[in-house]
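Okay, structure first, notes after.
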Amino acid sequence: MADKIVIFDTTLRDGEQSPGASMTREEKLHIARQLERLKVDVIEAGFAASSNGDFEAVKAIAAVIRDSTVCSLARANDRDISRAAEALKGAASSRVHTFIATSALHMEKKLRMTPEQVYEQARLAVRFARNLTADVEFSPEDGYRSDPDFLCRVLEAVIDEGASTINIPDTVGYAVPELYGNFIRNLRERIPNSGKAIWSVHCHNDLGMAVANSLAGVMQGGARQIECTINGLGERAGNCSLEEVVMALKTRRDYFGFEVGIDARHIVPASRLVAQTTGFVVQPNKAVVGANAFAHASGIHQDGVLKARDTYEIMRAEDVGWSANKIVLGKLSGRNAFKQRLLELGITLESEAEVNAGFARFKELADRKSDIFDEDIIALVMDESVTAEHEHYRLLALSQRSEMGERPHAKVAFAAGDAELHGESDGNGPVDASLKAIESKLQTGAEMLLYSVNAITSGSTESQGEVTVRLQQGGRVVNGVGADPDIIVASAKAYLSALNKLQSKHERVAAQG
């Protein structure tokens, strides 16, 4: 393992803890399949004990993923660990990841446990997990802010009990690279049996140093596993970004000297899929996957790139999945071409019926928009096929009138289960009127926390608009995403998508770590 860095992706678990990023079982399956194509070593599929929904999602992912290890998080107790092991039964390769807080602050204020109680619980939890699976990871939550003497004692004990991976989380993003790397190195040097486990880093981005800290944990600390998420998704400021840390290792192999098994050509499709599933838009200047990551506006830069790409590009856009030819299909394209493009984009539909339904929506869009881009196809599939059969609310029709000097007015028809509802309302603008027309019939009282519009493709007024709506009700925060060439229609779709998630009985219990 000395020359290989294990990539542990926690998009489906820690990434999902972003407010509003909760995903359905089907959405998780789509992303898990893309992570497998990406050749992620370990996929943390969820926290099986947190809810029946998460248990079923972990179980479903374990049943279909064959080339990656599937992992479930579990608190350091028998119930959580048993639930995780049960969900993972169908996996070709599985791991239970158990954790307990070890910092004085967390033990006293959150757990209300003594250090001795935490020590015993950690040791017994790993022993119990080891009896259920051969692959056990242990994390001391808030490990970086823990007392090193106490941490050494705990980690030595859990390695003795069979933990094969030891993860040192910077749970609150407090670390800086040199200190974090030295912290892990000192632990490994002080713990007699440290060589029996692979050491891992899990860094949050509160100070913008998650990637730098993770690489320091590898280079200085001797860690050989990096825990990360697609697009750096995660609660607060997010997690270490998979695309950034992987491409740092690949691009600067001259310095780092490690192998990484990721197939980088699938990075951009994975980024798009996660962004469109969660509604968390990727900023244009985001490294590797941002729309401007390989754009050159300066005349001097453009001239240099035209003469020799490596004058201003340290990696090739196509190597991470950017397509040189963005236009892929049009109104004359057939079903087989559509199906083939889905495969190239890393999208697998469950049945021929879903392929047919997706193709029908594609043809409908092609009649309204002359050029269909990769982003359009992903939006079509993610917007409807993943969740359509489970939707309670569906947009049927929308008409609106907006003239300068007149108050906008909208009429909306939508399905609510088997019923068809019709609402109309005035508003401050056509979007406001349309959403108020929906609310006039449902009266949910949900508070809107975010309304965001993003062009799915660039360079044309024909571009589909992608709208994200974030709603809060009764302590739950959800995102809804809708896409359509008509931004008003996209807004109504996004609003109903968010209401579908609020209407769902699926409850989530946030994990820690």
Taking a label point 7 Å from the Cα of Val453 along Cα-to-Cβ, the residues of the range 471-496 whose backbone nitrogen sits under 19 Å from it are 471, 480-496
Rounded to whole Å², per residue accessible area for the chain with a 1.4 Å probe reads 42
Whole-percent carbon and sulfur contribution to the accessible surface of the chain (1.4 Å, no ligands, DNA or RNA) stands at 49
For the chain, whose charge dipole is built from +1 on Lys and Arg Cβ atoms and -1 on Asp and Glu Cβ atoms, the candidate among Asn205, Cys71, Gly234 with its Cα farthest towards the positive end is Cys71
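If I take R0 = 22 Å and measure r between the Cβ atoms of Ser164 and Ala92 in this structure, what FRET efficiency does the formula 1/(1 + (r/R0)^6) give, to the nearest 0.05? It would help to have the intermediate numbers written out before the result.
Working: r = 17 Å, r/R0 = 0.79.
The formula returns an efficiency of 0.80 here.
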The alpha-carbon center of the range 18-62 and that of the range 168-202 are separated, in whole Å, by 27
With Cα coordinates, the longest principal axis of the chain makes an angle with the long axis of helix 177-190, in degrees rounded to 10, of 40
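As a test of the formula, what do you get for the chain when each DSSP H run with n ≥ 4 contributes -39,500 (n - 2.57) and the sum is divided by the residue count, at 222 nm and rounded to the nearest 500 deg cm²/dmol?
Helices in the chain give a 222 nm mean residue ellipticity of -11500 deg cm²/dmol.
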Between the modelled labels at Asp418 and Asp432 (7 Å from Cα along Cα→Cβ) the distance in nm is 3.9
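Rounded to the nearest 5, what is the percent of antiparallel bridges among the DSSP beta bridges in the chain? Provide the component values of the computation, followed by the final result.
Numbers: 36 of 73 bridges.
Counting DSSP beta bridges with both partners in the chain, the antiparallel share is about 50 percent.
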Given 285-293, 67-75, the highest-first ranking by average Cβ count within 10 Å works out to 67-75, 285-293
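Given R₀ = 30 Å, what would the calculated FRET efficiency be for Arg252 paired with Val281, taking r from the Cβ atoms and rounding to 0.05? Please list the in-between numbers first.
Working: r = 28 Å, r/R0 = 0.94.
FRET efficiency, Arg252 to Val281: 0.60.
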Each label sits 7 Å from Cα toward the beta-carbon; between Arg236 and Asn131 the label points are separated, in nm, by 3.6
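With respect to the cross-link table entries Lys59/Lys196; Lys436/Lys493; Lys363/Lys411, which display a Cα-Cα separation exceeding 21 Å?
Numbers: Lys59/Lys196 29 Å; Lys436/Lys493 13 Å; Lys363/Lys411 26 Å.
Checking Cα-Cα distances, Lys59/Lys196; Lys363/Lys411 exceed 21 Å.
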The simple spin-label model distance between Met113 and Glu178, using points 7 Å out along Cα→Cβ, in nm, is 3.6
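Take the residue pairs Lys286/Lys501; Lys286/Lys339; Lys441/Lys501 and return only those whose Cα atoms are more than 21 Å apart. Write down the numbers at each step before the final one.
Working: Lys286/Lys501 29 Å; Lys286/Lys339 30 Å; Lys441/Lys501 18 Å.
Beyond 21 Å between Cα atoms: Lys286/Lys501; Lys286/Lys339.
The values are calculated or read from the model by the stated rules, or taken from the named source; none is laboratory data. Note that the structure is predicted; figures quoted are calculated from it, not measured. Cβ: placed from backbone, ideal geometry, glycine included. Neighbour counts: every protein chain shown. The area values use the complete protein model at the heavy-atom level, side chains included, leaving out ligands, DNA and RNA. Shrake-Rupley method; radii C 1.70, N 1.55, O 1.52, S 1.80 Å.
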